[in-house]
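Below is one structure, written out as structure tokens; the observations come after it.
Computed from the coordinates by the stated procedures, all read-outs in this text should not be read as laboratory data. Note that the structure is a prediction, hence the values are computed from the model and not measured. Cβ placement follows ideal geometry from the backbone for every residue including glycine, while neighbour counts extend to all protein chains displayed.
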């Protein structure tokens, strides 16, 4: 099924335009990397605080308010540029198992962020100023950082696997 | 003379190990990407504050003290991994126009940072809390942002030339 989709996508107008113009793919990749820089750094600000590693002088609530909107905006840019990259080279991504793993990891981290955001809102204030966040918060922070790191790793390895 | 050095560099055992191994180059490159996302992201936080776009309630001195140590750590990783990647095919990379542009932009970013540190940064205690930064700081922040994005873009382009 995926091969048919790839076959069809490859012959669409937008796909041929992207792949025939030499500068489009590197240019879109640059925007993609810039967006991952914003996503990763924003999440690191929150996750390192959740994990109890850094930023203890700031409340989790203030960090979440400051950095989550930036993170979501950057994720939208990531999705749009990612889709353009897939359209430009459908077989490079869609027929690649590393790309599949990357998408699963992405889904996992976005769900984790949505769920933990809800949970954290409910708790904020009661333990927010505590120097050492509870185990649950630390697990979420570390897991989120690991997931984003793995997503970047997988993203780079798409180029090296088939 | 410099050409001899690059020739020698890529023939050293570590450089040859990287270029002859199937997994070493992509692994080092992945570390390079992870490090550079943190360099750009964290520098952008300070730069966006300097150009009055974000984090305007934060004291610039305090923000820099909190963020820049992470930037430097990430930069050291990016520089070391970058050097390893470069060494693996030094003569090829030194002739790559995108790589040459990247070096120039890195040097300009360093000059911009040094100039800022030796001038306006000295009086940061007097203007750091003000939501609106002085013009010089805005210029330094804007230049830094443009130069670092340029470093990333030219870096990505190396592989396409």
**Complete:** By the mean-Cβ-within-10 Å protection proxy, highest first, B:108-117, B:143-152, A:138-147 rank as B:143-152, A:138-147, B:108-117
**Message:** How high is the relative contact order of chain A? Use alpha-carbon pairs under 8 Å, at least six apart in sequence, and give a whole percent.
**Reply:** 34
**Item:** Hull volume in cubic angstrom per residue (convex hull over the Cα atoms of chain A)
**Value:** 111
**Prompt:** With the contact rule set at Cα under 8 Å and sequence spacing of 6 or more, what percent relative contact order holds for the stretch B:63-161?
**Reply:** 41
**Request:** At 7 Å along the Cα-to-beta-carbon direction for both residue B:108 and residue A:142, put a label point, then send me their distance in nm to one decimal.
**Result:** 4.4
**Request:** Quantify how strongly other chains surround peptide B:45-55 by giving the mean number of their Cβ atoms within 10 Å of each of its Cβ atoms.
**Result:** 1
**Prompt:** Can you pull the mean other chain C-beta count within 10 Å for peptide B:32-42?
**Reply:** 6
**Complete:** Taking N as the number of residues in the stretch B:31-155, the ratio of its alpha carbon radius of gyration to 2.2 N^0.38 Å works out to 1.13
**Item:** Residues residue A:97 and residue B:21, FRET efficiency given R0 of 25 Å [Cβ-Cβ distance, rounded to 0.05]
**Value:** 0.70
**Request:** Once you have the Kirkwood Rh of the protein assembly as shown from its Cα pairs, apply Stokes-Einstein at 20 °C and 1.002 mPa s and quote D in µm²/s.
**Result:** 100
**Sequence ranges A:18-30, B:36-48, A:87-99, ranked by mean other-Cβ count within 10 angstrom, highest first** = B:36-48, A:87-99, A:18-30
**Message:** What distance in nm separates the two pseudo spin-label positions at residue B:13 and residue B:100, each 7 Å out from Cα along the beta-carbon direction?
**Reply:** 3.5
**Request:** Would you kindly calculate the translational diffusion coefficient of the stretch B:9-94, applying Stokes-Einstein with the Kirkwood radius from alpha carbon pairs, for 4 °C and a viscosity of 1.567 mPa s, and quote it in µm² s⁻¹ without decimals?
**Result:** 89
**Request:** Against the globular-protein guess of 2.2 N^0.38 Å, express the Cα radius of gyration of the stretch A:31-105 as a ratio, rounded to two decimals.
**Result:** 1.35
**Request:** Compute the length gained on full extension between residue B:68 and residue B:138: take 0.36 nm times their separation in residues and subtract their Cα-Cα distance, giving the result in nm to one decimal.
**Result:** 23.4 nm
**Message:** With 15 Å as the cut-off, how large is the P(r) tail for the stretch A:1-70, expressed as percent of Cα-Cα pairs?
**Reply:** 67
**Request:** Could you tell me the distance between the Cα centroids of the stretch A:63-91 and the stretch B:82-161, to the nearest Å?
**Result:** 24
**Request:** Using a 10 angstrom cutoff on alpha carbons, build the Gaussian network for chain A and name the most mobile of A:12, A:81, A:41.
**Result:** A:12
**Request:** Compute the distance in nm between two label points, each set 7 Å from the Cα along the Cα-to-Cβ direction, one at residue A:59 and one at residue B:61.
**Result:** 2.6
**Prompt:** Mind checking the mean number of beta-carbon atoms from other chains within 10 Å of the Cβ atoms in A:31-42?
**Reply:** 6
